[in-house]
1. Kindly identify region 36-111 as rounded, prolate or oblate by the Cα gyration tensor criterion: order the square roots of the eigenvalues as a ≥ b ≥ c, call it rounded if a/c is under 1.5, otherwise compare a/b with b/c, prolate if a/b is larger, else oblate.
2. Taking the simple approach of a point 7 Å from Cα along Cα-to-Cβ for both residue 61 and residue 19, what is their distance in nm?
3. For residue 41 and residue 90, FRET efficiency with R0 = 25 Å and r from the beta-carbon atoms, rounded to 0.05?
């Protein structure tokens with residue numbers, strides 16, 4: 001199911017896609033999308049990295065030592081180049097969430113570069 005710029009669903013993913021389209025981003029061309037989640041600890045983050053790599057993502061761990069929320073200290077970013085259609089974004093999040101369930105976390109959003117600035121959903 002394809003959506004025109006104004007026909008994205010009214011949710012966080014649709015809002016980001018609308019914003020990107022309004023900035024002139026061509027959503028019909030592949031782009032690097034970074035999906036992110038939080039890990040309970042560094043060892044869990046490493047396990048997530050290993051598994052998402054096997055699914056074709058390029059992962060990275062961010063250790064936010066300065067953050068006030070210690071439950072969100074370790075973020076795992078999983079990048080993949082895809083056509084950023086609503087359906088593709090939802091499907092990649094579904095795949096990640098299926099994997100992440102055993103680590104008691106979930107995909108908490110995604111982002112992509114737009115005119116030199118990172119844009120993403122909550």
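A short reminder: the numbers here are calculations on the coordinates, not readings from a lab. On a predicted model such as this, the values are computed, not experimentally measured, just so you know. Methodologically, a virtual Cβ is constructed for each residue, glycine included, from the backbone with ideal geometry; neighbour enumeration extends over all protein chains shown.
1. Working: a/c = 1.87, a/b = 1.63, b/c = 1.14.
Prolate, because a/c is 1.5 or more and a/b exceeds b/c.
2. Result for the modelled spin labels: 2.9 nm.
3. 0.30
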